[in-house]
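The values are calculated or read from the model by the stated rules, or taken from the named source; none is laboratory data. As the structure is a prediction and not an experimental result, all values here were calculated from the model. Positions of Cβ are backbone-derived with ideal geometry, glycine not excepted, and every protein chain shown enters the neighbour counts. Heads up: the accessible areas ignore ligands, DNA and RNA and are worked out on the full protein's heavy atoms, side chains in. Shrake-Rupley method; radii C 1.70, N 1.55, O 1.52, S 1.80 Å.
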Amino acid sequence: MEREVRVRFAPSPTGPLHIGGVRTALYNYLLARKLGGKMLLRIEDTDQNRFVPGAEDYIRQSLEWCGIELDESPWNGGPHAPYRQSERKPMYRQYAQQLIDSGYAYYAFDTPEELDAMRARLTAAKVPNPQYNSITRAQMRNSLTLPAEEVKQLLEGGEQYVIRLKVPRKEEVRFNDLIRGWVVVHSSSIDDKVLMKSDGMPTYHLANIVDDHLMEITHVIRGEEWLPSAPLHVLLYRYLGWEDTMPQFAHLPLLLKPDGTGKLSKRDGDRLGFPVFPLEWHGKDAETGEPTVSSGYRESGYLPEAFINFLAFLGWNPGSQQELFTMPELIEAFSIERVSKSPARFDQNKVRWYNEQYLRAKPDAELAQYLTASLQGQGMTVPTDTAEQIAALVKERATFPADLAREAQLFFARPTAYDEQVISKKWNAQVAGALLEFARQLPGAPDATPDGIKALLTQVLEAQGIKIGQVLQALRVAVTGAGAGPDLMHIMSILGPQETAARIEQAVAQLPTA
Ligand code: GLU
């Protein structure tokens, strides 16, 4: 029988979720939805030293903002609860014991000093990568080297110990990664990883495998940084007798800095001028303990749809020219086969481009709400239909919702300065005279739509024998102060004939025509 597809996102609450983590969650979600399976989230908090308060809540809010829905999680439960590893602590011990009983793991009693001494010895002997492994374990204090009676006494006497995996000396470990193809690693390069710590907490490796098995995970989709751990995980599945149901692995490509010089890190964002976190994060400086704030996509004015569309394309492509995909379209188009092996370079212009596309595609009524809210923040009110007209007009010049209010300023204040370049080239007595006549006739204009205003302007200019091209820029500067902006006829229509006329008169009064 086909197994139900079950994928998991397994973050550790050690700080804010980086966009690479969001991408991992997204690809898991897309695959689950595409294949009609389940998406679950498990909090991997076995390393209590790295626990950061607030991080779990941050993860939850980030996924909610992105629209990544969870079928099972610590927050909405599920058939395999609990979904926090710290709450599953009693479940892991028996599997470590099973590995010991079957000869695949052993007790190690070495003190931190003894471990340091071993590393020093190996370093002195020029061993490039000193490890506790199939060779060095023979010189250490563990249940493989000590007499059984002594081991029993140590255990009964409450001596501190860890449980280590007994990695074979000469064996090829292989698995078929869905993105990378066959991965083959020689076991001599794998160390005897600690599975259970002296405080009885499992390490990441043991807890991760036990949980993926118990939670019936079919696909492990995670970042490339976990690729080196995968052979160890394959050994664990084998030794625990779970090889038949071992999940398929898919290791996602790295995210690189915009210039391609290495991995995009948590520290890069604010230094390079863009967020690396979905939401703003209030943390503490690791060294000084001073409060720090890292910017987030949400607070910077990115729309979740744009952010998600952008992230989906960092390492995947649909094989067509289409770039804009809603979440349902991404689900439809997604496949692991089209995830790239090569690293993806972060492109800050691209994420801005996506935001522009999604912002401009919003209904004008919704854009008007952003605009009204920003203007209210500045103590200004504006009628709904005017807000809609303004939003529709200025949206082509906006990347973020806050840009709408900035672009709209010209409607609420008369110019206090005029673009000097345009004035020096285009302003003269003839132009000023023609514009003044236009202003005189405006209030009686039969039609104040953009087309009606244009007809009036054309008519006035014809009567004066001036071409429209000679005055348009000057008129724009007279009405708005600036040499460029949204469509001028629309601006005048929204301002209305009276206000437009008053602005032209102000410009004529203030600008010398010599
Ligand atoms: N807890 C690991 C992390 O923080 C999960 C790795 C995995 O998906 O196996 O990324």
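Remarks
- Among the residues of segment 238-253, those that are open to solvent by 40 Å² or more (accessible area, probe 1.4 Å) and in a loop (DSSP other than H, G, I, E, B) comprise Gly241, Met246.
- Residue within segment 278-286 that is open to solvent by less than 30 Å² (accessible area, probe 1.4 Å) and among the charged types (D, E, K, R) present: no
- Candidate set: segment 119-139, residues that are within 23 Å of His186 (Cα to Cα) and of a type in the set (A, V, I, L, M); chosen: the one surrounded by the fewest Cβ atoms within 10 Å (Cβ to Cβ): Ala125
Conditions (1) farther than 13 Å from Ala434 by Cα; (2) in contact with a Phe, Trp or Tyr (Cβ under 7 Å, 6 or more places away or on another chain), marked per residue:
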site	(1), (2)
Leu461	no, no
Gly465	no, no
Gln470	no, no
Leu475	no, no
Thr480	yes, no
Gly483	yes, no
Asp487	yes, no
Ile494	yes, yes
Gln498	yes, no
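- Qualifying residue in segment 446-458 (condition: over 23 Å from Phe412 (Cβ atoms), surrounded by fewer than 16 Cβ atoms within 10 Å (Cβ to Cβ) and of a type in the set (Asp, Glu)): yes
- Enumeration of residues in segment 286-298 that are within 25 Å of Gly223 (Cβ to Cβ) and in a loop (DSSP other than H, G, I, E, B): Ala286, Ser295, Tyr297, Arg298
- Condition met for Arg406 (part of a loop (DSSP other than H, G, I, E, B) and closer than 23 Å to Ala507 by Cα): no
- Filtered by the rule that a residue be under 27 Å from Arg338 (Cβ atoms), open to solvent by less than 10 Å² (accessible area, probe 1.4 Å) and without any contact (Cβ under 8 Å) to a residue 60 or more places away in the chain, segment 30-58 gives Ala32, Met39, Leu41.
- Some residue of segment 152-162 being away from the ligand (no atom under 16 Å from the Cβ) and closer than 30 Å to Gly77 by Cα: no
- Hits in segment 338-354 (condition: without any contact (Cβ under 8 Å) to a residue 12 or more places away in the chain and loosely packed, with under 14 Cβ neighbours inside 10 Å): Asn349
- Residue match in segment 418-437 (condition: open to solvent by 10 Å² or more (accessible area, probe 1.4 Å), modelled with pLDDT of 95 or more, among the aromatic types (Phe, Trp, Tyr) and within 22 Å of Ala408 (Cα to Cα)): yes
- Answer residue from segment 59-93, given it is without any contact (Cβ under 8 Å) to a residue 40 or more places away in the chain and of a type in the set (Gly, Ala, Ser) and is nearest to Met201 (Cα to Cα) among those: Ala81
- Of all the listed residues (Gly15, Gly20), the sole one being open to solvent by less than 10 Å² (accessible area, probe 1.4 Å), in contact (Cβ under 8 Å) with a residue 24 or more places away in the chain and within 14 Å of the ligand (Cβ to nearest atom) is Gly15.
- Qualifying residue in segment 487-505 (condition: open to solvent by 50 Å² or more (accessible area, probe 1.4 Å), under 19 Å from Thr416 (Cβ atoms) and modelled with pLDDT of 95 or more): yes
- First in segment 400-417 and closer than 19 Å to Arg476 by Cα and of a type in the set (Asp, Glu), second anywhere and open to solvent by 60 Å² or more (accessible area, probe 1.4 Å) and in a helix (DSSP H, G or I), Cβ under 9 Å, 6 or more apart: Glu407/Arg397
- A residue that is away from the ligand (no atom under 12 Å from the Cβ), touching a residue at least 24 places away in the same chain (Cβ under 8 Å) and of a type in the set (A, V, I, L, M) occurs nowhere in segment 216-233.
- All of Leu235, Leu206, Leu195, Leu227 fail the test of being outside any helix (DSSP H, G or I), of a type in the set (A, V, I, L, M) and either farther than 28 Å from Leu314 by Cα or open to solvent by 30 Å² or more (accessible area, probe 1.4 Å) (or both), apart from Leu195.
- Test result for Gly319, part of a loop (DSSP other than H, G, I, E, B) and closer than 22 Å to Thr24 by Cα: yes
- One residue from Leu272, Leu324, Leu279 being under 28 Å from Thr14 (Cβ atoms) and modelled with pLDDT of 95 or more: Leu279
- Some residue of segment 184-204 being within 12 Å of the ligand (Cβ to nearest atom) and touching a residue at least 40 places away in the same chain (Cβ under 8 Å): yes
Condition check ((1) modelled with pLDDT under 95; (2) among the hydroxyl-bearing types (Ser, Thr, Tyr); (3) open to solvent by less than 30 Å² (accessible area, probe 1.4 Å)) across all residues:
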position	(1), (2), (3)
Trp75	no, no, no
Gln85	no, no, yes
Tyr92	no, yes, yes
Thr111	no, yes, no
Asp116	no, no, no
Arg141	no, no, no
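- If you go through segment 446-465 and keep only what is in a loop (DSSP other than H, G, I, E, B), at negative phi and not polar (S, T, N, Q), you end up with Pro446, Asp447, Ala448.
- Subset tally (residues that are out of contact with any Lys or Arg (no Cβ under 7 Å at 6 or more places or on another chain) and part of a loop (DSSP other than H, G, I, E, B)) for segment 146-192: 16
- Scanning segment 467-504 for residues that are assigned to a helix (DSSP H, G or I), among the charged types (D, E, K, R) and touching a Leu at 6+ places or on another chain (Cβ under 7 Å) yields a single hit, Arg476.
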